[in-house]
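One structure is given below, encoded as structure tokens.
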Amino acid sequence: QFTPVSAALRGDIAIGATVEVRGWLRSKRDSKAGISFLAVHDGSAFDAIQAVVPSSLPNYGSEVLKLSTGCAVVVTGELVASQGKGQSVEIQASAVEVVGWVDDAEAYPIAKKRHTFEYLRTQAHLRPRTNTFGAITRVRTTLANAIHNYFFERGFHWINTPIITGSDCEGAGELFRVSTLDAVNLPRGADGQVDYSQDFFGGDAFLTVSGQLEVESYCLAMSKVYTFGPTFRAENSNTSRHLAEFWMVEPEIAFADLGDNADLAEDLLRHVFTRVLEEREDDMAFFRQRIDDTVIDRLRGVIDNRFERMDYSEAIRILENCGESFEFPVRWGIDLASEHERYLSERHIGRPVVVMNYPKDIKAFYMRLNDDGETVAAMDVLAPGIGEIIGGSQREERLDVLDARMDAHLREELWWYRDLRRYGTVPHAGFGLGFERLLNYVTGMDNVRDAIPFPRTPGNAAF
Ligand code: 4AD
Ligand code: MG
């Protein structure tokens with residue numbers, strides 16, 4: 001029976017009770033008076049708990065004095081009120097068991113208090129032991145939980161769409177091919193040799209860029225669905241907003257239009273931000289103090305206000321007339337670059353903004369054509385500091401209009417997707433929320449490589 005550090009710090013445990021805490025040393029200080037102070041963290045709370053270790057313990061000289069940052073310990077003792085500043089309780093240790101030593105304290109890669117985030121990316125296996133990455137990890141957990149809860153409470157079904165697929169949902173050609181040439185179970189000819197003419201899947205196979213097309217089929221049966229899983233893109237963009245492997249939340253709702261879709265996006269964000277502020281007060285206080293002093297106000301701003309909504313054409317007018325000199329020139333028909341997106345949300349509105357009804361030529365084939373014949377019912381949610389965090393649309397539910405947006409090859413490949421328009425089609429809509437971009441928005445962290453435990457980017461997959 002052991003006590004999570006969070007329970008002890010939160011006051012769930014009575015003063016005077018005996019506790020056993022298991023974790024890793026964040027730091028140690030030995031006083032001249034023959035007492036050592038250990039700061040032990042176990043991932044459950046932002047703060048470590050302090051253990052006061054008297055020299056009377058039998059292993060004090062032989063072990064406690066030799067402990068260094070990173071060692072794994074089990075501390076048993078009495079929970080007492082603390083005189084120290086910044087902590088209400090501490091443990092008066094009666095035993096310290098060393099479970100795992102650090103073999104060379106000088107060489108411990110994260111021994112120092114402060115490291116750059118760039119350096120810590122080279123220590124992805126150890127960075128969760130730092131303050132910052134502990135906090136990011138807890139907020140990521142809370143966000144994921146809040147998202148699932150939001151949907152479960154509203155009767156959505158969680159659909160596990162495939163990770164290996166034959167179709168390119170976004171049509172952007174950013175697919176990773178799943179190569180089966182080296183697979184163990186490839187069909188073998190009579191001579192026992194691998195028959196390379198027969199692919200494992202009997203056709204193209206890729207890692208999915210989005211679960212949307214598959215989730216649409218469940219939407220048109222289950223009404224309210226979402227998928228939440230890893231997605232993969234071979235975009236060769238070395239930016240702070242792009243990963244080759246990222247997680248996406250993709251709800252899809254039937255009997256719904258673009259306005260309903262924007263309402264859902266807004267409501268979902270409001271719900272998850274409320275939960276983070278309620279449940280991760282300690283971590284959010286840290287992000288405000290050390291990473292970005294606007295993070296908490298920013299989330300409150302989203303919770304308390306409706307999102308601004310504007311048409312793409314209006315966004316273009318604003319950008320053309322704002323007097324800013326952009327790297328990429330602005331005219332009707334361009335895809336918005338990140339500098340444009342950030343101008344709109346950061347400078348023009350100061351909060352997230354939903355831009356709707358984009359030119360059809362810059363958007364995917366499945367988006368619903370508007371009556372003007374020029375634009376589609378697309379929406380992007382743009383957030384200050386990030387740019388696009390959500391991309392979505394009302395889907396084209398009319399078979400003839402959809403067919404006109406696909407070439408013969410695509411029509412053949414997506415025969416099943418066309419079926420959905422032949423058998424009981426209804427207006428429906430959905431969106432994709434980039435989970436790492438969301439986490440950066442919430443924490444104020446700058447780079448999506450710090451929002452996922454092991455980032456995959458061009459030139460980096462092994463570790
Ligand atoms: O705008 P995207 O490409 O939309 C889709 O994939 C749709 N099929 C979603 C849907 O309607 N169901 O991507 C959605 C979001 C983006 O707004 C962004 O937040 C995130 O996914 N995203 C990335 N995040 C990290 N790294 C990348 N390379 C990303 N590409 C997109
Ligand atoms: Mg997009």
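The values are calculated or read from the model by the stated rules, or taken from the named source; none is laboratory data. This structure is a prediction, so every number in the text was calculated from the model and none was measured. Note that we place each Cβ from the backbone using ideal geometry, even for glycine, and neighbour counts take in every protein chain shown. These area figures cover heavy atoms from the full protein model, side chains too; ligands, DNA and RNA do not enter into them. Shrake-Rupley method; radii C 1.70, N 1.55, O 1.52, S 1.80 Å.
Just to verify a result, which residue in region 20-34, among those that are modelled with pLDDT of 95 or more and either aliphatic (A, V, I, L, M) or touching a Gly at 6+ places or on another chain (Cβ under 7 Å) (or both), is most open to solvent (accessible area, probe 1.4 Å)?
TRP24
Provide a single number: the residues in region 120-139 that are open to solvent by 40 Å² or more (accessible area, probe 1.4 Å) and out of contact with any Lys or Arg (no Cβ under 9 Å at 6 or more places or on another chain).
Final tally of qualifying residues: 4.
Which ones in region 1-19 are surrounded by fewer than 20 Cβ atoms within 10 Å (Cβ to Cβ) and not in a helix (DSSP H, G or I)?
GLN1, PHE2, PRO4, GLY11, ASP12, ILE13, ALA14, ILE15, GLY16, ALA17, THR18
Which of the residues that make up region 367-400 are among the hydroxyl-bearing types (Ser, Thr, Tyr) and within 18 Å of the chain's Cα centre (by Cα)?
Of the residues in region 367-400, the ones among the hydroxyl-bearing types (Ser, Thr, Tyr) are 375, 393.
If the condition is that a residue be among the hydroxyl-bearing types (Ser, Thr, Tyr) and within 18 Å of the chain's Cα centre (by Cα), then no residue fits.
For (1) among the charged types (D, E, K, R); (2) touching a Phe, Trp or Tyr at 6+ places or on another chain (Cβ under 9 Å); (3) closer than 27 Å to ALA144 by Cβ; (4) away from ligand 1 (no atom under 11 Å from the Cβ), each residue gets a yes or a no:
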{"residue": "ALA337", "(1), (2), (3), (4)": "no, yes, no, yes"}
{"residue": "ASN357", "(1), (2), (3), (4)": "no, yes, no, yes"}
{"residue": "LEU369", "(1), (2), (3), (4)": "no, no, no, yes"}
{"residue": "ASP372", "(1), (2), (3), (4)": "yes, no, no, yes"}
{"residue": "LEU410", "(1), (2), (3), (4)": "no, yes, no, yes"}
{"residue": "GLU413", "(1), (2), (3), (4)": "yes, no, no, yes"}
{"residue": "TRP416", "(1), (2), (3), (4)": "no, no, no, yes"}
{"residue": "TYR423", "(1), (2), (3), (4)": "no, no, no, yes"}
{"residue": "PHE431", "(1), (2), (3), (4)": "no, no, yes, no"}
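Quick one: what pairs do we get from region 244-268, first residue closer than 30 Å to ARG456 by Cα, second away from ligand 2 (no atom under 16 Å from the Cβ) and in a helix (DSSP H, G or I), C-beta under 6 Å, 6+ apart or different chains?
VAL249/ILE147; GLU250/VAL215; GLU252/VAL215; GLU252/GLU216; GLU252/CYS219; LEU268/TYR150
Okay, residues lined up against (1) out of contact with any strand residue (DSSP E or B) (no Cβ under 7 Å at 6 or more places or on another chain); (2) within 27 Å of LEU433 (Cα to Cα):
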| residue | (1), (2) |
| --- | --- |
| ALA81 | no, no |
| ARG114 | yes, no |
| TYR119 | yes, no |
| HIS125 | yes, yes |
| THR130 | yes, no |
| ALA144 | yes, yes |
| ILE159 | no, yes |
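Just to confirm my filter: which helices (runs of 4 or more DSSP H) fall fully inside region 353-463 and include at least 1 residues that are open to solvent by 50 Å² or more (accessible area, probe 1.4 Å) and without any contact (Cβ under 8 Å) to a residue 60 or more places away in the chain? Reasoning before the result, please.
Numbers: elements: 399-404, 408-413, 415-422, 435-443.
Per the criteria, 399-404, 408-413, 415-422.
Mind checking whether some residue in region 262-270 is at pLDDT 95 or above, in contact with a Leu (Cβ under 8 Å, 6 or more places away or on another chain) and closer than 26 Å to ASP168 by Cα?
Within region 262-270, one or more residues are at pLDDT 95 or above, in contact with a Leu (Cβ under 8 Å, 6 or more places away or on another chain) and closer than 26 Å to ASP168 by Cα.
Residues of region 266-315 being closer than 27 Å to LEU336 by Cα and touching an Asp or Glu at 6+ places or on another chain (Cβ under 8 Å), which ones?
Within region 266-315, ARG306, PHE307 meet the criteria.
Can you tell me which condition GLY387 does not meet? The list is (1) modelled with pLDDT of 95 or more; (2) closer than 30 Å to PRO128 by Cα; (3) not hydroxyl-bearing (Ser, Thr, Tyr), and all the others hold.
(1)
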